[in-house]
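A short worksheet on the structure shown next.
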């Protein structure tokens, strides 16, 4: 009878049943007829199946010594604590438990296979750990239970009670290779459908190389799943340990940043994301309907950070979303990303702030090296990118922009003194700096004034330059910052000198510019893109991999 | 000559000069003529003034012993470190310095006054501290310098070098009353305009009582500045110590929350704010233009938190903006606020999560009591609200919703078993709970299923109830949460049972609902409004006071 069950057709995928398979078929009456017939068949099948199931269950129950020790758990609706004394353990502790210990675990079935009617194996996962579980039919464990175990769909969540045992030989396929679990009881807490749209194992592997097709092969000759397929099925994709490691590191960067801010007396702020005016460059801003008027999404907390300096908050930082309506479909642009922003007073020279910023980034990198080594190593085992180089001396090379230009010219690039660098030039400079200074992290200082925003302070030394800087990782910018103009008259002058001129007294600018009328001290700051830091620390091929649910001009789902 | 300088007219306010004062005047030719005449006069005045200034300066310089020790500093453009050895100190250390110590400080002039031609006083502020500074003309300090000091506009930023001295009697008006600074040198680093749109002293005082007019008097009979005037001039308003204290507490709540999350193994997440579909209640959502299509602003991270649970992140939290397009013009609604959200797996009963949530909030309150006492006391000295009561036993009353209904009925309210509570009823219940349990913080549990969202898990005990809860402070909800439906079939059933029915397979819902097809464990969570916690902890009369730049249906500026 149980064999017969195999002939039951697989549950159709959602939405599939309603779609006609024969595209050639015409005429509604024929279709309707067929539909009715199908429905009748379906109802009859269901009735038979219910009868069969009940009969099978009764027969099985009658001679099942393991009855009550396994099965599908009802949906946990919190009517009561079903096992009040039961303490479940994390997998992280299993490797150290003594042989013979009884444990309860809640975990995920990665894989189930039966070796025979009497023996089945599970690969179980919890967090970054996997362990093998085994069940062998015996006087106390029924064949029905072994069969049930072997039939559990991968990705189902289970409760297991079992004995921790030392295996005869190490289980190489599991991260906990020196132990296995001998199953005593098992319930499926949340059942997965049998067919997964993508395999979690595929999500553990790298993206196809840039420019290659979906399904191109990896080093091992097996096909690789492309970015879009992964992002379309992002919840399953995110289950991979690879993605858990990336997101762990992302959380780590933010945590290290915040801890450093708090230690140094910064006030956390939340500036508004809905703005009444599109001030910082109107073309790259998202517009929204706001009751009976229009509003805009903030492209950065720039103006508000400065207004808070003017409001006597000496040091402020913000962690929050940043929105850019740039139609850039590159591997390093997102339309929504997480900004790590800060702004601070200084006394005499903006290099006080730049010193602080470099120290802060080094603090983050050192924290990643020590506190997030496991995650970093895991990602590096998949994306085989050279380890991120930090300056051995602990001193970050601070290269004047003009010196950068010189280095590029010596390497054969043609460019003028006050040109902005192209992306390939930036990357080339990254290589040159790595060769010369043996570091992937460095600063460019004193950018030409003409290529920076109006609120940037002109240089006190060369008025064609500005007191501005970019921080780079592997030849890509991760932070842009500067001393800002803190004097109202100078700010107005700078705004009016722009082409086209900006009006400091226009409604959009007034609340910003007026902040500098009433005594605002000298200040500087900058803003980091969190996803970029993660991408460049790990050497990921695409910034989307560092975003849970990336947004770009062609993707706003899931 | 110096006397003559008094006759120079005050610098006109920006924009004022261009506005004709005589509204009766007609005809463009007359206007144009007058304008030309005015301009000519202005130019002549300026020329004379420049000459006068130069002459005055030369004469003054000739016999000024303090020449070079005071004045307006040029704009700090970071050409060089002007005083490389100079170490400025924070005001927090001044009270402990010995009599006669020389210090350098950068600070704000709150007030300048001259007692005579030979004696002037400044009230200086840095952070939460104020101190008196004094200058008396002597052989080494010129009268010109005394005059300059007395003329410094309030809110200007200054560098002061001086001697710390014990005053003859304590300076009651300053927070540091046991010391004063005897000025040796002083430069104005950033000059404030002479007229401030609002006085910082006024921003230190409470709002007028609810319902009273702008300008209504406070307890001391002096007029109070209303909310709109404050918000229109928010940068100056935010300078008050009152607002520094409120924002310090806001940062504190978030920090205490995050620290607790990290300690308990939560993964920080950033869910997208730009969504492809308006799913959670279409009417309260902001719509935006997204390249060639439409998108929506996230009303909560609800769906994404749950999708991440389904992606095997066992415990997740987010701190980020939440957008609500509700046209509610009340003292407790904002259209943009900061959400503290979390979601976590549990084993058997959602009360595991509720226990955790209550502990977390108590951790925040206890942290506020110890680490943010100074700020809390400062706000309480302005808004004289009773101190927030916490349960003495440390156990948070967890009141079944049905019990809450009963308490309200006993207090004379008429309502049915499954009615939602009105805001006044919630507040009344807060009072009843305070009387009975002596706490301003408590939980309502097991809300009627009909008044909760579709993703709420029905109660395992009474199917008309749900495994949902609200946390309250002073009779106002600060968090709403629940066990969620983690089973795909049940979720679809719940959605289809709604009026109008929701389609689980619609493009907007599919990426959410499909997350539950592949083994999602039982989980629960909740979301706090950060500004509400701050408002209710302090007993502020309006939630806008807890937002740097509040957003409501009629305000998106500054």
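The values are calculated or read from the model by the stated rules, or taken from the named source; none is laboratory data. Only a predicted model underlies this, so the values are computations on that prediction, with no experimental measurement involved. Neighbour counts run over all protein chains shown; Cβ positions are idealised from the backbone, glycine included.
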- Within the stretch A:398-430, count every residue that is surrounded by 18 or more Cβ atoms within 10 Å (Cβ to Cβ) and in contact with a helix residue (DSSP H, G or I) (Cβ under 8 Å, 6 or more places away or on another chain). 7
- Test result for residue A:220, part of a helix (DSSP H, G or I) and surrounded by fewer than 17 Cβ atoms within 10 Å (Cβ to Cβ): no
- Item | helices (runs of 4 or more DSSP H) lying entirely in the stretch A:354-442 (those with 1 or more residues that are over 29 Å from residue A:254 (Cα atoms)) | A:401-410, A:423-437
- In the stretch A:26-78, what count of residues is obtained for those that are modelled with pLDDT under 75, under 21 Å from residue A:138 (Cα atoms) and surrounded by 12 or more Cβ atoms within 10 Å (Cβ to Cβ)? 2
- Query: Under the condition of being free of Cβ contacts under 8 Å to residues at least 60 places away in the same chain and within 11 Å of chain B (Cβ to nearest Cβ), which residue from the stretch A:62-78 is farthest from residue B:352 (Cα to Cα)?
  - Reply: A:74
- Task: Keeping to the stretch B:231-284, report how many residues are at the interface with chain A (Cβ under 10 Å from one of its Cβ atoms), assigned to a loop (DSSP other than H, G, I, E, B) and within 17 Å of residue B:322 (Cα to Cα).
- Result: 7
- Item | The listed residue being buried (at least 22 other Cβ atoms within 10 Å of the Cβ) and out of contact with any helix residue (DSSP H, G or I) (no Cβ under 7 Å at 6 or more places or on another chain), out of B:188, B:149 | B:149
- Note on the structure: Counting only residues that are in contact with a helix residue (DSSP H, G or I) (Cβ under 7 Å, 6 or more places away or on another chain), in contact (Cβ under 8 Å) with a residue 60 or more places away in the chain and surrounded by 21 or more Cβ atoms within 10 Å (Cβ to Cβ), the stretch B:106-143 contains a total of 1
- Output for the stretch A:489-514, where each listed residue is facing another protein chain (nearest Cβ under 8 Å) and surrounded by 19 or more Cβ atoms within 10 Å (Cβ to Cβ): A:511, A:512, A:514
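Go through B:158, B:164 for me and flag whichever is surrounded by 21 or more Cβ atoms within 10 Å (Cβ to Cβ), closer than 20 Å to residue B:240 by Cα and touching a residue at least 40 places away in the same chain (Cβ under 8 Å).
Working: B:164 fails: closer than 20 Å to residue B:240 by Cα.
Of B:158, B:164, the one residue that is surrounded by 21 or more Cβ atoms within 10 Å (Cβ to Cβ), closer than 20 Å to residue B:240 by Cα and touching a residue at least 40 places away in the same chain (Cβ under 8 Å) is B:158.
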- Query: Restricting attention to the stretch B:210-231, and to residues there that are out of contact with any strand residue (DSSP E or B) (no Cβ under 8 Å at 6 or more places or on another chain) and in contact (Cβ under 8 Å) with a residue 24 or more places away in the chain, which single residue is farthest from residue B:99 (Cα to Cα)?
  - Reply: B:210
- One residue from B:183, B:200, B:246 being touching a strand residue (DSSP E or B) at 6+ places or on another chain (Cβ under 8 Å) and within 20 Å of residue B:376 (Cα to Cα): B:200
- If we keep only residues of the stretch A:304-329 that are out of contact with any strand residue (DSSP E or B) (no Cβ under 9 Å at 6 or more places or on another chain) and either closer than 29 Å to residue A:354 by Cβ or not in a loop (DSSP other than H, G, I, E, B) (or both), then the residue farthest from the other protein chains (Cβ to nearest Cβ) is A:326
- Query: When you go through (1) buried (at least 17 other Cβ atoms within 10 Å of the Cβ); (2) over 30 Å from residue A:553 (Cα atoms) one by one for residue A:341, which number turns out not to apply?
  - Reply: (2)
- Of those in the stretch A:330-352 that are at the interface with chain B (Cβ under 9 Å from one of its Cβ atoms) and part of a strand (DSSP E or B), the residue farthest from residue B:129 (Cα to Cα) is A:336
- Counting only residues that are closer than 28 Å to residue A:301 by Cα and surrounded by fewer than 18 Cβ atoms within 10 Å (Cβ to Cβ), how many does the stretch A:431-452 have? 2
- Message: Just the residues that are out of contact with any strand residue (DSSP E or B) (no Cβ under 6 Å at 6 or more places or on another chain) and either farther than 14 Å from residue A:72 by Cβ or not assigned by TED's automatic domain parsing to the domain that holds residue A:186 (or both), please, taken from the stretch A:148-169.
- Response: A:166, A:168, A:169
- Task: Please find, within the stretch A:79-103, the residue that is modelled with the lowest pLDDT out of those that are touching a strand residue (DSSP E or B) at 6+ places or on another chain (Cβ under 6 Å) and facing chain B (nearest Cβ under 9 Å).
- Result: A:86
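Each row is one residue, and each column tells you yes or no for (1) within 22 Å of the chain's Cα centre (by Cα); (2) surrounded by 20 or more Cβ atoms within 10 Å (Cβ to Cβ); (3) modelled with pLDDT of 95 or more.
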| site | (1), (2), (3) |
| --- | --- |
| B:263 | no, no, yes |
| B:292 | no, no, no |
| B:296 | no, yes, yes |
| B:309 | no, yes, yes |
| B:316 | no, yes, yes |
| B:320 | yes, yes, yes |
| B:323 | yes, yes, yes |
| B:326 | yes, no, no |
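This table checks each residue for (1) in contact (Cβ under 8 Å) with a residue 40 or more places away in the chain; (2) more than 30 Å from residue B:317 (Cβ to Cβ); (3) in contact with a helix residue (DSSP H, G or I) (Cβ under 6 Å, 6 or more places away or on another chain); (4) outside any helix (DSSP H, G or I).
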{"site": "A:481", "(1), (2), (3), (4)": "yes, no, no, yes"}
{"site": "A:489", "(1), (2), (3), (4)": "no, yes, no, no"}
{"site": "A:495", "(1), (2), (3), (4)": "yes, yes, no, no"}
{"site": "A:505", "(1), (2), (3), (4)": "no, yes, no, yes"}
{"site": "A:508", "(1), (2), (3), (4)": "yes, yes, no, no"}
{"site": "A:511", "(1), (2), (3), (4)": "yes, yes, no, no"}
{"site": "A:528", "(1), (2), (3), (4)": "yes, no, no, yes"}
{"site": "A:535", "(1), (2), (3), (4)": "yes, no, yes, no"}
{"site": "A:544", "(1), (2), (3), (4)": "yes, no, no, no"}
- Message: Checking residue B:450 against (1) more than 11 Å from every other protein chain (Cβ to nearest Cβ); (2) in contact with a helix residue (DSSP H, G or I) (Cβ under 8 Å, 6 or more places away or on another chain), only one condition comes out false. Which one?
- Response: (2)
- Count, please, the residues in the stretch B:353-368 that happen to be buried (at least 21 other Cβ atoms within 10 Å of the Cβ) and within 13 Å of chain A (Cβ to nearest Cβ). 2
- Sole residue being under 27 Å from residue B:303 (Cα atoms) and at pLDDT 95 or above, chosen from B:539, B:519: B:519
